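Chemist: To start, I am sharing the structure in question, which I have written as structure tokens.
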Amino acid sequence: MGSSPAPFSDIGKSAKDLLTKDYNFDQKFTLSVVGSTGLGLTANGLKRDEIFIGDVNTLYKSRNTTVDVKVDTYSNVATKVTLSDVLPCTKVALSFRIPDHKSGKLDVQYLHPHAALDSSIGLNPTPLLELSGTIGSKDLSLGAEIGFDTTSSLLTKYNAGISFNKPDFSAALLLMDKGQTLKASYIHAVDSLNGNTVAAELTHRFSTYENSFTLGSSHVIDPFNVVKTRFSDNGKAGLLWQREWRPKSLITVSTEYDSKALNASPKVGLALALKP
């Protein structure tokens, strides 16, 4: 157990990313410019139906300090300042949004060779406190998280999980929604040399005895093209094609067909990410 376990939020993340990441059924545009002085600028635009929303994000890095400022089309300003190695193995982040004066939050992360701890507290008179932690190693880890409302003195969430990871596969089991939902996930690199990977996610809800599942795959056609597929028990099937048409610049086309909505057209989305 020589390597640190991943944070609790990463349990089951590999399978979830294969099944959901980059699937987009709107029109999305991203332009990223990174300067040599540590200053980066990213502009995002999203068209959903007849509504257009966007934001401009500025990121500045200097040694152990990162400042992230985002301004959206509604004039909301979100700022996050992150300090690394304030104490050994510790990262501290302060975030807030303008004009929401109650949005301030302080996050602290501590990574130990056999443990990962995360804490978050709202900077307002009635803060929400969240704690999570994992113990073990990068191969086998056990973790839990809780949320506590200081106003009502009630737990807002409590979840637990375990993950087992090897170079070619990863399995995870999560008890979520205050013990009401059990989620199991698995991802396997079937052919790591050619980039063929499969994943599955199964969910059981104890209150309704309802089961659901999603199956997916990712195939690297060549160094520039990736195709992903997914199928769910609710009758929905998705297909994604992504091409790196120049270094770090991607075009992604996603489509989804709902076999239970016979009168509805398949959803189609286009995402263009440019990084000069």
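Chemist: When all C-alpha to C-alpha distances in region 53-108 are sorted into bins of 5 Å, what percent of pairs does each bin hold, rounded to whole numbers?
Modeler: 5, 18, 25, 22, 16, 9, 4, 1, 0
Chemist: Normalise the Cα radius of gyration of region 1-160 by 2.2 N^0.38 Å (N = residues in it) and let me know the number. Walk me through the intermediate numbers first.
Modeler: Details: Rg = 18.3 Å, N = 160, 2.2 N^0.38 = 15.1 Å.
Rounded to two decimals, the normalised Rg is 1.21.
Chemist: Determine the alpha carbon to alpha carbon distance for each of Lys80/Lys178; Lys16/Lys178; Lys138/Lys166; Lys80/Lys102; Lys13/Lys267; Lys105/Lys178 and list only those over 18 Å.
Modeler: Working: Lys80/Lys178 30 Å; Lys16/Lys178 20 Å; Lys138/Lys166 9 Å; Lys80/Lys102 15 Å; Lys13/Lys267 25 Å; Lys105/Lys178 24 Å.
Exceeds cut-off: Lys80/Lys178; Lys16/Lys178; Lys13/Lys267; Lys105/Lys178.
Chemist: List the trypsin sites (Lys or Arg not before Pro) within region 150-189 that fall in a DSSP loop (any state other than H, G, I, E or B) and whose Cβ has at most 13 other Cβ atoms within 10 Å.
Modeler: Working: sites: Lys157, Lys178, Lys183; in loops: Lys178.
Hits after loop and neighbour filter: Lys178.
Chemist: Which loop trypsin sites (Lys or Arg not before Pro) in region 70-114, with loop taken from DSSP, have no more than 13 other Cβ atoms within 10 angstrom of their Cβ?
Modeler: Values: sites: Lys70, Lys80, Lys91, Arg97, Lys102, Lys105; in loops: Lys102.
Qualifying residues, ordered by number: Lys102.
Chemist: State, to one decimal in nm, how far the label point of Leu140 lies from the label point of Ser36, with both points 7 Å from Cα in the Cβ direction.
Modeler: 5.0
Chemist: Where does the charge balance sit around Gly38 when Lys and Arg score +1, Asp and Glu -1, over other residues with C-beta under 11 Å from its C-beta?
Modeler: Details: positive: Lys61, Arg63; negative: none.
Net local charge, Gly38 excluded: +2.
Chemist: In the chain, what percentage of the DSSP-assigned beta bridges are antiparallel, given to the nearest 5? The partial results should precede the final answer.
Modeler: Working: 148 of 153 bridges.
Here the antiparallel bridges make up roughly 95 percent for the chain.
Chemist: While we're on this one: Loop only by DSSP, 11 or fewer other Cβ within 10 Å of the Cβ. Give me the trypsin sites (Lys or Arg not before Pro) in region 1-68 that pass, ordered by residue number. Provide the component values of the computation, followed by the final result.
Modeler: Numbers: sites: Lys13, Lys16, Lys21, Lys28, Lys47, Arg48, Lys61, Arg63; in loops: Lys21, Arg63.
Passing sites in region 1-68 are Arg63.
Every read-out reported here was derived from the displayed coordinates using simple, explicitly stated rules and does not represent laboratory data. Note that this is a predicted model, so its numbers are computed, not measured. Note that we place each Cβ from the backbone using ideal geometry, even for glycine, and neighbour counts take in every protein chain shown.
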